[in-house]
Amino acid sequence: MNRLPIIDIAPLYRNDQAAWRCVAEAIDAACQHWGFFYIQGHPLPPERFDALMTAARTFFHLPLEEKLKIDITQSHNHRGYGAVASEQLDPNKPSDLKETFDMALNLPEDHPDVRAGRAFYGPNRYPDLPGWQLLLEAHYADMLDLALTVLRALAIALDLEHDFFDKRFEQSVSVFRLIHYPSQLTRSNTEQQGAGAHTDYGCVTLLYQDEVGGLQVQNRSGEWIDAPPIPGTFVVNIGDMMARWSNDRYRSTPHRVTSPAVGERYSMPFFAEPHMDTEIRCLPHCSDPEHPVKYPPTTCAEWLTSRFAATYAYRRDAVTT
């Protein structure tokens with residue numbers, strides 16, 4: 001009862017509608033009971049993660065002044081390096097004991113949406129490391145494909161058109177992040193966690209984690225259970241936008257990360273989020289007289305702007321455009 005389900009999504013890569021339905025039903029059950037599950041049977045090769053881990057270690061071990069050349073607080077579209085304690089996911093705890101690198105769709109400065117100053121669109125900011133941009137942009141594209149594959153199964157489970165989410169993820173504001181968690185020996189306060197308890201903001205998150213572990217998920221009884229690394233899998237969880245879309249049929253589940261007692265931890269989440277103008281409104285089959293609509297309509301941009309302002313001090317004055 002306290003172990004997250006593991007779902008084989010390999011059938012989603014075959015032309016077998018009955019198999020698709022079986023996977024969709026398994027994901028639907030996991031989303032309703034947990035809001036979290038593992039996936040296996042995806043097409044991403046192990047060699048990709050070896051390369052990403054090497055890249056992450058190389059970058060995060062650079063001197064701070066080198067990393068701050070792409071300081072995320074100097075970016076209008078939230079790209080680049082986030083220093084330790086720049087993020088506070090749990091407002092009741094000290095700022096998080098982690099450092100990050102964020103990237104998303106790489107739009108040039110002369111793109112119309114970038115020239116207009118639209119929130120969350122623009123160029124990525126990369127460190128001056130050989131092969132970094134090529135590796136990460138290839139992985140970003142593959143992760144977006146994987147996220148859309150999972151979302152197509154969710155569309156089946158929610159009685160939507162097969163391509164419902166595909167249409168809303170054109171020019172998406174999905175984010176790929178590298179995270180480095182230093183050991184507890186470096187924390188400034190005994191209550192400082194690697195990542196404070198929180199729910200994710202977007203639709204779904206797909207997480208690769210190294211062998212160290214530390215991810216914990218809160219079950220429906222309020223207990224914290226471990227979500228240990230399982231080779232060859234991603235941990236998938238529902239975010240706030242999907243909870244709003246589904247009228248809490250799928251609830252975004254609190255989770256946190258405990259810092260390693262010694263050594264360090266790396267993880268790589270992909271936050272799947274739609275086009276910024278996408279309306280987040282209760283889906284057609286997710287309300288009835290016994291389950292009235294809980295949330296007013298919003299947009300992806302409005303929702304993300306409000307959540308980023310609550311998490312990052314430098315974003316609190318951001319204005320949706």
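Here are the numbers:
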{"read-out": "Search result, residues across the stretch 252-261 that are more than 15 Å from the chain's Cα centre (by Cα) and buried (at least 17 other Cβ atoms within 10 Å of the Cβ)", "value": "Thr258, Ser259, Pro260"}
{"read-out": "Condition broken by Asp128, with the remaining ones in (1) loosely packed, with under 15 Cβ neighbours inside 10 Å; (2) closer than 21 Å to Glu264 by Cβ satisfied", "value": "(2)"}
{"read-out": "Residue match in the stretch 295-312 (condition: touching a Leu at 6+ places or on another chain (Cβ under 9 Å) and more than 17 Å from Thr199 (Cβ to Cβ))", "value": "no"}
{"read-out": "Boolean, Arg118 is more than 30 Å from Phe37 (Cβ to Cβ), in contact with a Ser or Thr (Cβ under 6 Å, 6 or more places away or on another chain), of a type outside the set (A, V, I, L, M) and touching a residue at least 24 places away in the same chain (Cβ under 8 Å)", "value": "yes"}
{"read-out": "Residue count for the stretch 24-47, restricted to those that are surrounded by 15 or more Cβ atoms within 10 Å (Cβ to Cβ) and touching a residue at least 60 places away in the same chain (Cβ under 8 Å)", "value": "14"}
{"read-out": "Output for the stretch 2-22, where each listed residue is touching a residue at least 12 places away in the same chain (Cβ under 8 Å) and farther than 16 Å from Val235 by Cα", "value": "Pro11, Leu12, Tyr13, Trp20, Arg21"}
{"read-out": "Any hit, the stretch 182-198, residues being in contact (Cβ under 8 Å) with a residue 40 or more places away in the chain, within 24 Å of Ala10 (Cα to Cα) and in a loop (DSSP other than H, G, I, E, B)", "value": "no"}
{"read-out": "The listed residue being of a type in the set (Asp, Glu) and either surrounded by 19 or more Cβ atoms within 10 Å (Cβ to Cβ) or in contact (Cβ under 8 Å) with a residue 24 or more places away in the chain (or both), out of Glu279, Glu290, Glu264, Glu302", "value": "Glu264"}
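Each row is one residue, and each column tells you yes or no for (1) under 14 Å from Ser267 (Cβ atoms); (2) surrounded by 18 or more Cβ atoms within 10 Å (Cβ to Cβ); (3) out of contact with any strand residue (DSSP E or B) (no Cβ under 7 Å at 6 or more places or on another chain).
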position	(1), (2), (3)
Ala147	no, yes, no
Leu151	no, yes, no
Phe165	no, yes, yes
Glu191	no, no, yes
Ala195	yes, yes, no
Ala227	yes, yes, no
Phe234	yes, yes, no
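FYI, it's all coordinate maths here, none of it is from the lab. Just so you know, these numbers come straight off a predicted model, no measurement behind them. Glycine also receives a Cβ, built like all others from the backbone with ideal geometry; neighbour counts cover every protein chain displayed.
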